[in-house]
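Working notes, structure below.
The values are calculated or read from the model by the stated rules, or taken from the named source; none is laboratory data. Note that the structure is a prediction, hence the values are computed from the model and not measured. Every residue, glycine among them, receives a Cβ derived from its backbone with ideal geometry; neighbour counts consider all protein chains shown. The accessibility values were calculated without ligands, DNA or RNA, using every heavy atom of the protein model including side chains. Shrake-Rupley method; radii C 1.70, N 1.55, O 1.52, S 1.80 Å.
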Amino acid sequence: MSKKFFPGVERPIPYEGRESKNPLAFRYYNKLQRVGDKTMGEHLRFAVAYWHSFMGTGADMFGGPSFKREWHTAVDPMDRARETMDAAFEFCQKLGVDYYCFHDRDIAPEGESFSRTCRNLETMVQCALNLQKATGVKLLWGTANLFSNPVYSQGAGTSPNAHVMAYAAAQLKNAIDATHALGGENYVFWGGREGYETLLNTDMKREQEHMARLLQMAVDYKNKIGFKGQFLIEPKPAEPTKHQYDFDAATTLGFLREYDLLDHFQLNIEANHATLAGHSFAHELAVASAAGKLGSVDANRGDLLLGWDTDQFPTDVYGTVLAMIIILKQNGLGKGGLNFDAKVRRSSVDPSDLFHAHIGGMDAFAQGLLIAHRIIEDRVLDNFIEERYGSFKSGIGEQIMSCKTGLEDLEKWIIREGAPAVQSGRQEMLENILNSYILR
Ligand code: XUL
Ligand code: CO
């Protein structure tokens, strides 16, 4: 690492406690502090998303780049890629985050042919390997960008054109190779343009069969090369296509079950994708977790007043508490982690804004972790929920669930016992208890 891209920032960002007024310090995230049986760092496994934080330019639908990143100034695309990578590793080290995530096209530019593009990727994988060794920063997950190149305008795995599907498969192989070479702990499949715009030109059943075939080929290849990382699918309901096939957690689990792929995949749940699907972040986490399939998280937030994927940094502590309750109750994310798939706003033009954004997200999840841990320790919700379903532990409830009754038995029982009393769900009381933990 030669040039310094963040000369003004001390390394690493210190933990100074909640009274600190230093904007470049953590108030809650104290990496080595123990919470239950693990340290905060082990619980949270934060990752920096290469695409937003190092490839992002601030451009939107109404205007071009607004950030002037020093790592984007070199004329030669490969020099630019090297400098961008130096900046990314310098940033992770100074922030004190152990992981990063990338798309193949984030770390290496496309060349004039497919083979040239693959060589560019190999070169940049070598650079990443060296930087990983030098800094100790590791790869949480890699993925393939199967949506930016115009050949994918009608999908990659679900393109109507077999040539495009083959091109996607070839690119996918190289992205898995890159992730494997870098010791990536996971590999993510987000269905970039895997969906449709109009049924007038689409055979939906067929497209889903094609997608399943692509995923099956990926599973076969993973087994062949001995890649030990976990495969993850990231649901999203819309954007860029009108109907994305991996709409939400439940839809994705149904798809995996239908095509006999369930054993090979976990889910990567993204907060903003959950709200776009009309769910809460916690709902999507709970659906995935209940199926034993919550593998990793893209930690961000949307804006409920805007109908698109705003990918903002997560700062809502209420949301992080609810998320961390679900994560702690399934005993953590295993190989997965919390990846900041989030971008600073177009007007946050300074490199230091990247630090403020990540510090805020990390502190919000650290607070979420601390509060969720206390709520679970005190069993406040658990005791209530257990009691709420208590009637199934014995008597008629136990008989129903152990298949000892049919409809006729229950008719007889009801004629004898009469109508049930209505019990309160105590929602307001529980909301007050939750606030009493958050607002301490
Ligand atoms: C898009 C999105 C992606 C995936 C990786 O909405 O979330 O960045 O996380 O391809
Ligand atoms: Co994402």
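Placing unit charges on the Cβ atoms of the charged side chains and taking the dipole of the chain about its Cα centre, the candidate lying farthest along the positive direction among Asn331, Phe5, Gln244 is Phe5.
Here each label is just a point 7 Å from Cα along the line to Cβ, and for Ser352 and Phe392 those points are 5.5 nm apart.
Between helix 317-329 and the chain, what is the angle of the helix's C-alpha long axis to the longest principal axis, kept within 0 to 90° and rounded to the nearest 10? Roughly 70 degrees between the two axes.
Its residues counted as N, region 143-200 yields a C-alpha radius of gyration over 2.2 N^0.38 Å of 1.20. Near Val287, once Lys and Arg are set to +1 and Asp and Glu to -1 for all other residues with Cβ below 11 Å from its Cβ, the sum equals -1. Label-to-label distance for Lys242 and Ser280 is 3.2 nm, based on points extended 7 Å past Cα in the beta-carbon direction.
A Gaussian network model of the chain, with springs between Cα atoms under 10 Å, assigns the largest mean-square fluctuation among Gly278, Gly183, Gly319 to Gly278.
Could you sort Lys21, Lys293 by their accessible area in this structure, using a 1.4 Å probe and putting the largest first?
Heavy-atom accessible area, descending, gives Lys21, Lys293.
Computed over the chain with a Gaussian network model linking Cα atoms closer than 10 Å, the most mobile of Leu32, Leu95, Leu139 is Leu32.
Can you tell which of Leu262, Leu131, Leu200 shows the greatest fluctuation in a Gaussian network model of the chain with Cα springs below 10 Å? Evaluated over the chain, the most mobile residue of the options is Leu200.
Rolling a 1.4 Å probe across the protein heavy atoms gives the chain an accessible surface of 49 Å² per residue.
Per-residue extension of 0.36 nm, minus the Cα-Cα distance of Tyr437 and Val422, leaves a gain of 2.5 nm for this segment. What do you get for the angle between helix 407-417 and the principal long axis of the chain? Use alpha-carbon atoms, 0 to 90 degrees, nearest ten. Taking Cα atoms only, the helix is inclined about 50 degrees. Annotation for region 55-132 versus region 260-333: alpha-carbon center distance of 27 Å. For the pair Ile376 and Glu19, a Förster radius of 22 Å applied to the C-beta separation gives a FRET efficiency near 0.25, rounded to the nearest 0.05. Reported to the nearest whole Å, the Cα centre-to-centre distance from region 136-197 to region 35-53 is 24.
As I understand it, the dipole of the chain uses +1 on the Cβ of Lys and Arg and -1 on the Cβ of Asp and Glu, about the Cα centre. Which of Phe227, Leu32, His356 lies farthest toward its positive end? The listed residue farthest towards the positive side: Leu32. Within the full protein context, the accessible area of Val349 is estimated at about 60 Å² for a probe radius of 1.4 Å. Exposed loop sites, defined as GluC sites (Glu not before Pro) outside DSSP H, G, I, E and B with at most 12 other Cβ atoms within 10 Å, are absent from the longest region of the chain, namely 113-440. Using a Förster distance of 41 angstrom, determine the FRET efficiency expected from the C-beta separation of Asp220 and Thr135, and round it to 0.05. In this case the efficiency is close to 0.75. Taking amide H as placed 1.01 Å from N in the peptide plane, Tyr99 has its amide H under 5 Å from the amide H of Val48, Lys138, each at least 5 places away in sequence or on another chain. Spin-label model, Arg345/Val75: points 7 Å from Cα along the beta carbon direction are separated by 3.8 nm.
Quick one: helix 77-95 against the long Cα principal axis of the chain, what's the angle to the nearest 10°, folded into 0 to 90? Rounded to the nearest ten degrees, it is 50.
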